[in-house]
1. For residue B:315, what accessible surface area do you get with a 1.4 Å probe? Give it in Å², rounded to 10.
2. So if each residue of separation counts as 0.36 nm, and I subtract the Cα-Cα distance between residue A:81 and residue A:256, what length gain in nm does that give?
3. How about segment B:236-264: which of its residues lose at least 10 Å² of accessible area in the presence of all protein chains relative to their chain isolated, using a 1.4 Å probe?
4. With axes computed from alpha carbons, what is the tilt in degrees of helix B:291-327 against the longest principal axis of chain B, rounded to the nearest 10 within 0 to 90?
5. Ordering B:319, B:115, A:193 by how much accessible area each has at a 1.4 Å probe, largest first, what is the list?
6. Ignoring ligands, DNA and RNA, what accessible area per residue does chain B give at 1.4 Å, in Å²?
7. Report the label-to-label distance for residue B:10 and residue A:154 in nanometres (one decimal), using points 7 Å from each Cα along the Cα→Cβ vector.
8. Could you tell me which of B:260, B:68, B:49 has its Cα farthest along the dipole of chain B towards the positive end, charges placed at Cβ (Lys, Arg +1; Asp, Glu -1), taken about the Cα centre?
Amino acid sequence: MGVLARWEAFLVFVLAATLALGALASPYFLTASNLSIAVAGVMPTAIVALPMTLVIVCGEIDISVGSIVGLCAASLAVCREQGLGIEVSMLASLAVGMLAGALNGAIVAYVGLPSLVVTIGTLALYRGIAQIILEERGVTGFPDWYQEIGFGTVPGTPIPWSALIFVAFFLCFAVFLHATHRGRALFAIGNNREAARFSGIDVRRAILGVFVASGGLCAVAAVVLTSYLASARSDTATGLELPVITAVVLGGVSIFGGSGTLGGVLIAVLVLAFVQNALGLAGVTPEAQQIVTGCVLVLTLVLFGAARALRTAALFRRVRAG
Amino acid sequence: MSGLLRVREAGLVLALLVICAGVTLREPRFLNGANLEQVALSATLVCIVALGEALVIIARQVDLSVGAIVASSAFVSADWLSKHPGGSMVFVFAIGCTVGLAMGAGNALLVVAARIPAIVATLGTLAIYRGAVIVFAGGRQISATILPDSYQAIAQVRVLHVPLLVWIAVALTLVLGWAASYTRTGRNLYALGSDPESARFVGINEGWHLALVFVLSGLLCGFVGVLWGARFGTVDAVLAPDLHFQAISAVVVGGVSIFGGSGSVYGAAIGAVIFAVLQNGVQLLGLNQFWLQAVTGAAILGTVILYSLLARRAERAEREGRRRSVGLGLNRGVGAG
């Protein structure tokens, strides 16, 4: 627990350093409108990172999130094409997302297959379905208030509407994971599944639950992202799993399950948002930013691995000395 | 156990024949010599990548970075060749293989030395390698017109009326299949995949073997990168975006258990051919191209569920057989034999 607290303090330091470097890189960086744009741009990733944290804490992984977002965006678009209202379309896309997550969760929890291969399969499956139902069409023409979700700000402030949605979900997830019995049970499952089962936790239902939550929040992210891009396409959010998993791992959640906090993930999301924004202002292309994201992911894991090895070595020394 | 494997491969060949027959019934042009050659050629490249991926998965790891390695190798070697048109082909292959080897070694380092789970390590290197080659290329495309003819000739050479590439893939499949089954290193990979703990206890060097499969996978990808350029003529930085899916689908459908420790390299090769036939069939029958990805995903899920059910039933049968032989008071060795 002490190490985690230190990791979050370190992240706050990194965040401050990012802001300082960004301000050095461009005079426009620390303006309210730029920071608002940076935050709005990362919100889809941030929203999906919340359930991903729960999934990884359980010792599972969900590679299919990008495809679920794409499938939800495609469903939204098809509903609009059929002349349905935007509210109904949003509900339909939420249902599709939860269904997609439920399929992942059911196969992982009740058939007992590893989430890695299941979600690799559904990554292809869901993206394929999105392409089948929407083909290469792009759907636009959303009502003004809907477009506001992605890019608009609360009147009189620089706070994006999407950030408010994120904060609402963040509070729900944080209370659930850290302050409820069922949330704490996820840590037990990630640490030792067998022991969790013997202490009376319904492991299968918990795992099904986190995957359904993952699908549901992917639908929310699809609504925000479609509004942000002002068009829904079947290739929406391709490759989203990389920044999402990077944010969760950078936030100090152990990739082996069983530890981590949502507070850490929140800071990590902000760090990624500002790093990307500063790189963009400095004229770095999105492809090169991808290298930075990949390096951040790998380096964080190397750092964590080294810290673990040091701790183990220290423990050994103490045992031998005692 | 070997009986089960043989059944698996026979089933795969049967599935392949059924798919071929289905496509031929709807569209007789499938059996056209030129068309079959196209199928074989598109199967070879995925097949060679799938061989490396199969060994990785047998050792209970996964390599998502294969597509990025193939693209890097293809672009770097074609770029060198376009600047040195008179360069030797051997040197081009050496460059491609070195790029692949280095990138595979990068994966190995992260998985073995830094002990990062392969799935996240290769997700990270996938982004790094792909980003690196995109930045290196800077949006350039190396087209067939600036590359010497000798380069593309590699893909057109025929031996006994069959393209050389197909012979290479067949030879690699046989060699790696034999090595996996009959060499000590190969058997160690199966041991590590089925139970890493026990494998360590009997003295198998886990780190060395895992490093070997990642480096080998990178090397094969580097080799394929050069062939890729030769086959398609035009090379850019974003080629082969879905290759890791194709390779993993081929391996999984080919009967290699995603839990590691069982399956064969031959199965992965047949899996690659099955997907090449499916792809060609979709094109020939004029079906919507978009179906292909959904079918790939469904095929992965379906086969994984099927194999896990089969494995569970086999386990139950074995347990019951053992109980019965004990109940009859027979010697367990005799009962099991």
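The values are calculated or read from the model by the stated rules, or taken from the named source; none is laboratory data. Note that the structure is predicted; figures quoted are calculated from it, not measured. Positions of Cβ are backbone-derived with ideal geometry, glycine not excepted, and every protein chain shown enters the neighbour counts. Side chains are part of the model used for accessible areas, which takes the heavy atoms of the whole protein and leaves out ligands, DNA and RNA. Shrake-Rupley method; radii C 1.70, N 1.55, O 1.52, S 1.80 Å.
1. Number for this one is 110 Å².
2. 58.7 nm
3. Going by heavy-atom accessible area, the residues of segment B:236-264 that drop by at least 10 Å² are B:245, B:248, B:258, B:259.
4. Helix B:291-327 sits at roughly 20 degrees to that axis.
5. Working: B:319 125, B:115 160, A:193 85 Å².
Listed by decreasing accessible area, they come as B:115, B:319, A:193.
6. Working: 15100 Å² over 337 residues.
Result: 45 Å² per residue.
7. Output for this residue pair reads 7.0 nm.
8. Among B:260, B:68, B:49, the one farthest towards the positive end of the dipole of chain B is B:260.
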